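So the structure is just underneath, and the comments pick up after that.
The values are calculated or read from the model by the stated rules, or taken from the named source; none is laboratory data. Predicted, not measured: the structure shown is a model, and the values here were computed from it. Backbone-built Cβ (ideal geometry, glycine too); neighbour counts: all protein chains shown.
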Amino acid sequence: MSLSDELYKEVILDHFENPRNYYVLANSTVHERGVNPLCGDEFELFLKFEGDIIKEASFQGKGCSISQASGSMMTELIQGKTKAEAFALIEKFKGMILEDKTPEYSDDEADLAALNGVKKYPVRVKCAVLSWNTLDKALKG
């Protein structure tokens, strides 16, 4: 295993064991659920908007380390973003996982690169994109 693979595993485990924004957001503007029936992952997303800006994002759920870490990373990144910026982030992330594109992540988005290795395991791809699909649905809702 390469050093970068080991570092990526550490990032994923850190987000899984210490999830960011893991709570029910009272008075959320949007509440959306996502489920991966193949492996049983569940994801609930809570968003609070101020105009077009996501002022606060939180989640709850259960599932594998990949699905929960991905949700933790996502909720960190979308806070303070407009809907258009959130859609661009969804496209960038899903492009990496689903289309094998090589995105250029900013420093604050660097943790997302840890999930790039998931595409080596096709059965786990749905785990990584569950939170992002839920966000997409919530923003379009």
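Tell me yes or no: at least one residue of segment 86-99 is in contact (Cβ under 8 Å) with a residue 24 or more places away in the chain and small (Gly, Ala, Ser). Looking through segment 86-99, at least one residue is in contact (Cβ under 8 Å) with a residue 24 or more places away in the chain and small (Gly, Ala, Ser). For the criterion of being in contact (Cβ under 8 Å) with a residue 60 or more places away in the chain and either in contact with an Asp or Glu (Cβ under 7 Å, 6 or more places away or on another chain) or closer than 17 Å to LEU38 by Cβ (or both), ASN116 fails.
Conditions (1) at pLDDT below 95; (2) of a type outside the set (A, V, I, L, M, F, W, C), marked per residue:
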site	(1), (2)
GLN60	no, yes
SER70	no, yes
MET73	no, no
ALA84	no, no
LEU89	no, no
LYS92	no, yes
GLU99	yes, yes
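When the residues of segment 107-141 are narrowed to those that are of a type in the set (Asp, Glu) and in contact with a helix residue (DSSP H, G or I) (Cβ under 9 Å, 6 or more places away or on another chain), which ends up surrounded by the fewest Cβ atoms within 10 Å (Cβ to Cβ)?
Here is the first cut: in segment 107-141, the ones of a type in the set (Asp, Glu) are 107-109, 111, 136.
With in contact with a helix residue (DSSP H, G or I) (Cβ under 9 Å, 6 or more places away or on another chain) added as a condition, the list becomes 108-109, 111, 136.
Details: ASP108: 9, GLU109: 16, ASP111: 21, ASP136: 18.
This residue is ASP108.
The set of residues from segment 69-124 being among the small types (Gly, Ala, Ser) and not in a helix (DSSP H, G or I) comprises GLY80, SER106. Quick check on GLU10: is it of a type in the set (Asp, Glu), under 16 Å from THR134 (Cα atoms) and in contact with a helix residue (DSSP H, G or I) (Cβ under 9 Å, 6 or more places away or on another chain)? Judged against the criteria, GLU10 is not a match. The condition of being without any contact (Cβ under 8 Å) to a residue 40 or more places away in the chain, within 16 Å of LYS137 (Cβ to Cβ) and surrounded by fewer than 20 Cβ atoms within 10 Å (Cβ to Cβ) does not hold for GLU104. Mind listing whichever residues of segment 75-92 are within 18 Å of LEU25 (Cα to Cα) and of a type in the set (A, V, I, L, M, F, W, C)? Within segment 75-92, LEU77, ILE78 qualify.
When LYS48, LYS62, LYS9, LYS55 are checked against the criterion of being surrounded by 15 or more Cβ atoms within 10 Å (Cβ to Cβ) and either basic (Lys, Arg) or touching a residue at least 40 places away in the same chain (Cβ under 8 Å) (or both), a single residue qualifies: LYS48. Residues in segment 67-90 that are touching an Asp or Glu at 6+ places or on another chain (Cβ under 9 Å) and either closer than 16 Å to PRO122 by Cα or acidic (Asp, Glu) (or both): SER67, GLU76.
When the residues of segment 1-20 are filtered to those that are in a loop (DSSP other than H, G, I, E, B) and farther than 15 Å from THR75 by Cβ, the one that is modelled with the lowest pLDDT is MET1.
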